[in-house]
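One structure below.
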Amino acid sequence: MSVPFVDLRARIESMRPEIDAAIDRVLDSGWFILGPEVEAFESELAATLGAREAVAVANGTEALELALRAAGVGPGDEVITTSLSAAFTGLAILATGARPVFVDVDETTLNLDPEAAARAASERTKAIVPVHLYGHPADMGALLALARERGLAVVEDACQAHGATYHGRPVGTLAGDEGLGAFSFYPTKNLGGLGDGGAIVAADRDTAALLRSLRNGGQSDRYHHDRPGINSRLDEIQAAVLRVGLRRLEGWNQRRRALFELYGRELAGAGLVLPREGADVRAVHHLYVVRHPRRDELMAALRERGVGTLIHYPIPLHLQPAFAAPGNERGRCPVAETAAGQLLSLPLYPELTDAQAGAVVAAVREALAGL
Ligand SMILES: Cc1ncc(COP(=O)(O)O)c(C=O)c1O
């Protein structure tokens, strides 16, 4: 049995009649950008994620960029973030004119290491961007304490963690009234659209109003541009389809958890480092990332057996040419550098059947035996 890394057609088919109806509704309305579907999606998303406000934008990268701008980040500032993330986290920081300062990760969770973040803080540091990598909340207690002590803004990158909680509170809302959380609705995310999409959650109504202006060219009123915003508007069709998905998010996350537990049971003792869920968090298992020192051979052996895998991420951000800058050299983030050579993401998505998961387990065990 071959198992693809992800199967979006299966996801769409599972809700096809509702998607068709949602798209028909928008076509019939004749309104395609920032309309009633976006407004309804924003309030339903805020309710689901336990936030006061949600502002829909065009993608997760711009959700991060605009959240940082709303938090006052701009040219000359430094923003601390993890070296192990999608490059888009760092690119969003660059887009504000600020400098991303990449720091090392915790050996177990692979999330931003609060001690490394504290060491990287300088006079110029304006904000911290913790990433809830693979759907597992970052060590927010320590990071929020650091932010309070140094007077730093906090923008959570929750692009992989829709519905995850930390000490019972939803990610994206953990920094309280001042904090902001960014989400992506890239098709493969825990909540994904039929294209790009994103959102920022906020507790403060004025900040939400500022974000609504920034996403729409900085307008305060039609054709009155008070500030240099960007075009980061969400389409009505995307919003209508995301509303369908939002109703399924909790069920999808539960299925992801069941598969996480299945892999944990069935792969125990197989010779891999398996992901673990920390105490007092509810992870949403966006990715199932194992570690093995001979990762490339394991990946090839799984490919031969028809199992699709990916690497999240093969190059730590401080070593990406896009972020070339003094200090961004090998040795800067040793934990992330070692991990990048060992990480392998196995298929885990709500539509994966138990039989497919069993086939992945069998292929992994066989592949490891042959290494
Ligand atoms: C951790 C993280 N941050 C930011 C992004 C950027 O989101 P988008 O692709 O919607 O711009 C992604 C997804 O690609 C992500 O996984």
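The values are calculated or read from the model by the stated rules, or taken from the named source; none is laboratory data. Here the structure is a predicted model, which is why all the values come from computation and not from measurement. Here Cβ is always computed from backbone atoms with ideal geometry, including for glycine, and neighbour counts include all displayed protein chains. Only protein heavy atoms, including side chains, enter the accessible area calculation; ligands, DNA and RNA are left aside. Shrake-Rupley method; radii C 1.70, N 1.55, O 1.52, S 1.80 Å.
Please enumerate the residues belonging to the stretch 15-29 that are open to solvent by less than 80 Å² (accessible area, probe 1.4 Å) and among the hydrophobic types (A, V, I, L, M, F, W, C).
Answer for the stretch 15-29, where residues must be open to solvent by less than 80 Å² (accessible area, probe 1.4 Å) and among the hydrophobic types (A, V, I, L, M, F, W, C): Met15, Ile19, Ala21, Ala22, Ile23, Val26.
For the stretch 94-101, state whether one or more residues are within 15 Å of the ligand (Cβ to nearest atom), at negative phi and out of contact with any strand residue (DSSP E or B) (no Cβ under 7 Å at 6 or more places or on another chain).
Checked against the condition, which is being within 15 Å of the ligand (Cβ to nearest atom), at negative phi and out of contact with any strand residue (DSSP E or B) (no Cβ under 7 Å at 6 or more places or on another chain), the stretch 94-101 yields at least one hit.
Out of the residues in the stretch 166-177 that are under 18 Å from Ala142 (Cβ atoms) and not in a loop (DSSP other than H, G, I, E, B), state the one that is most open to solvent (accessible area, probe 1.4 Å).
Arg169
Checking the condition over 25 Å from Met15 (Cβ atoms) and touching a His at 6+ places or on another chain (Cβ under 8 Å), which residue from Asp157, Asp177, Asp206 passes?
Step by step, each of Asp157, Asp177, Asp206 is checked, and only Asp157 is over 25 Å from Met15 (Cβ atoms) and touching a His at 6+ places or on another chain (Cβ under 8 Å).
Looking for something within 16 Å of the ligand (Cβ to nearest atom), under 19 Å from Val335 (Cα atoms) and small (Gly, Ala, Ser) - is there at least one such residue anywhere in the stretch 111-133?
For the stretch 111-133, residues within 16 Å of the ligand (Cβ to nearest atom), under 19 Å from Val335 (Cα atoms) and small (Gly, Ala, Ser): absent.
Name, by its number, the condition in (1) touching a strand residue (DSSP E or B) at 6+ places or on another chain (Cβ under 7 Å); (2) under 30 Å from Glu65 (Cβ atoms) that does not hold for Asn231.
Condition not satisfied by Asn231: (1).
Identify, please: which residue in the stretch 195-231 is open to solvent by less than 80 Å² (accessible area, probe 1.4 Å) and within 18 Å of the chain's Cα centre (by Cα) and is, among those, nearest to the ligand (Cβ to nearest atom)?
Out of the qualifying residues, it is Gly198.
Being out of contact with any Ser or Thr (no Cβ under 8 Å at 6 or more places or on another chain) and among the hydrophobic types (A, V, I, L, M, F, W, C) is true for just one of Ile33, Ile80. Which residue is that?
That would be Ile33, the only listed residue that is out of contact with any Ser or Thr (no Cβ under 8 Å at 6 or more places or on another chain) and among the hydrophobic types (A, V, I, L, M, F, W, C).
Among the residues of the stretch 82-117, count how many are under 18 Å from Leu144 (Cβ atoms) and of a type in the set (Asp, Glu).
3
Report, by residue number, each residue of the stretch 86-107 that is part of a loop (DSSP other than H, G, I, E, B) and either among the β-branched types (Val, Ile, Thr) or in contact with a Cys (Cβ under 9 Å, 6 or more places away or on another chain) (or both).
Scanning the stretch 86-107 gives Ala86, Thr96, Asp104.
Only one of Glu78, Glu53 is modelled with pLDDT of 95 or more and under 15 Å from Glu178 (Cα atoms). Can you tell me which?
When all the criteria are applied, what remains is Glu53.
Please go through the stretch 270-314 and give me each residue that is open to solvent by 70 Å² or more (accessible area, probe 1.4 Å), under 23 Å from the mean Cα position of the chain (by Cα) and either without any contact (Cβ under 8 Å) to a residue 12 or more places away in the chain or at negative phi (or both), ordered by number.
Val273, Arg276, Ala279, Leu310, Pro314 - these are the residues of the stretch 270-314 that are open to solvent by 70 Å² or more (accessible area, probe 1.4 Å), under 23 Å from the mean Cα position of the chain (by Cα) and either without any contact (Cβ under 8 Å) to a residue 12 or more places away in the chain or at negative phi (or both).
Can you confirm whether the stretch 71-83 contains a residue that is in a helix (DSSP H, G or I) and touching a helix residue (DSSP H, G or I) at 6+ places or on another chain (Cβ under 6 Å)?
no
Please determine whether any residue of the stretch 61-83 is in contact with a Cys (Cβ under 9 Å, 6 or more places away or on another chain), more than 26 Å from Leu246 (Cβ to Cβ) and open to solvent by less than 10 Å² (accessible area, probe 1.4 Å).
Yes, the stretch 61-83 has at least one match.
Evaluate the stretch 108-125: report whether one residue or more is on the phi < 0 side of the Ramachandran plot, outside any strand (DSSP E or B), of a type in the set (Asp, Glu) and surrounded by fewer than 24 Cβ atoms within 10 Å (Cβ to Cβ).
Among the residues of the stretch 108-125, at least one is on the phi < 0 side of the Ramachandran plot, outside any strand (DSSP E or B), of a type in the set (Asp, Glu) and surrounded by fewer than 24 Cβ atoms within 10 Å (Cβ to Cβ), which makes the answer yes.
Out of the residues in the stretch 140-165 that are acidic (Asp, Glu) and buried (at least 20 other Cβ atoms within 10 Å of the Cβ), which is farthest from the ligand (Cβ to nearest atom)?
Residue satisfying both the conditions and the ranking: Glu156.
So which residues in the stretch 32-70 are away from the ligand (no atom under 15 Å from the Cβ) and in a loop (DSSP other than H, G, I, E, B)?
Phe32, Leu34, Gly35, Gly50, Ala51, Arg52
Take the residues in the stretch 187-244 that are in contact with a Phe, Trp or Tyr (Cβ under 7 Å, 6 or more places away or on another chain) and of a type in the set (Gly, Ala, Ser), then tell me which one is farthest from Leu133 (Cα to Cα).
Ala239
Of the residues Gly251, Gly245, which single one is open to solvent by 20 Å² or more (accessible area, probe 1.4 Å) and of a type outside the set (A, V, I, L, M, F, W, C)?
After ruling out the rest, the residue left standing is Gly251.
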